[in-house]
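Report on the structure given below.
The values are calculated or read from the model by the stated rules, or taken from the named source; none is laboratory data. Quantities reported herein were computed from a predicted structural model and do not represent experimental measurements. Cβ sites come from the backbone with ideal geometry, for glycine too, and all protein chains shown count toward neighbours. Only protein heavy atoms, including side chains, enter the accessible area calculation; ligands, DNA and RNA are left aside. Shrake-Rupley method; radii C 1.70, N 1.55, O 1.52, S 1.80 Å.
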Amino acid sequence: VQLVESGGGLVQAGGSLRLSCAASGISFNIANMGWYRQAPGKEREVVARISTEGATNYADSAEGRIVISRDNAKNTVYLQMDILKPEDTAVYFCNARSVIYGSSYWGQGTQVTVSS
């Protein structure tokens with residue numbers, strides 16, 4: 001199983017980024033997907049998750065600014081982030097969890113840096 005994140009970078013506060021996570025080696029349509037982030041010195045935390053049926057849930061910090069979506073035809077999950085804040089600075093990780101086997105997989109992460 002391979003999860004490859006892309007789309008991170010440096011952006012000014014108030015700007016936007018769209019992260020992508022391309023999955024391979026897993027039955028994507030039966031995997032719950034999620035985006036997590038880890039800032040320096042902090043634990044990894046959930047940002048947003050999307051189920052196989054497209055149901056979503058978000059961290060309080062993401063509500064109203066961040067949208068998770070998935071394209072099962074492309075085996076890809078996205079994270080659209082708007083009105084970015086310096087506190088959004090972190091490494092963002094993609095996670096896939098098979099609903100059949102319960103196995104969980106992580107990508108290598110992509111750095112998001114928001115300057116003030």
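So which residues in region 64-78 are under 17 Å from ALA90 (Cβ atoms) and of a type in the set (D, E, K, R), if there are any at all? Answer for region 64-78, where residues must be under 17 Å from ALA90 (Cβ atoms) and of a type in the set (D, E, K, R): just ARG65. Looking only at region 82-101, which residues are more than 15 Å from ARG49 (Cβ to Cβ) and either without any contact (Cβ under 8 Å) to a residue 60 or more places away in the chain or part of a strand (DSSP E or B) (or both)? Across region 82-101, the qualifying residues are GLU87, ASP88, THR89, ALA90, VAL91, TYR101. Under the condition of being at negative phi and either aliphatic (A, V, I, L, M) or not in a strand (DSSP E or B) (or both), the residues counted in region 37-57 number 13.
Scanning region 43-95 for residues that are among the basic types (Lys, Arg), surrounded by fewer than 20 Cβ atoms within 10 Å (Cβ to Cβ) and either under 13 Å from the mean Cα position of the chain (by Cα) or within 22 Å of VAL4 (Cβ to Cβ) (or both) gives ARG44, ARG49, LYS74. Tell me, yes or no, whether region 7-20 has at least one residue that is touching an Asp or Glu at 6+ places or on another chain (Cβ under 8 Å) and without any contact (Cβ under 8 Å) to a residue 24 or more places away in the chain. Looking through region 7-20, none of the residues is touching an Asp or Glu at 6+ places or on another chain (Cβ under 8 Å) and without any contact (Cβ under 8 Å) to a residue 24 or more places away in the chain. Looking across region 1-36, the residues that are open to solvent by less than 20 Å² (accessible area, probe 1.4 Å) and part of a strand (DSSP E or B) come down to LEU3, GLU5, LEU19, CYS21, ALA23, ALA31, MET33, GLY34, TRP35.
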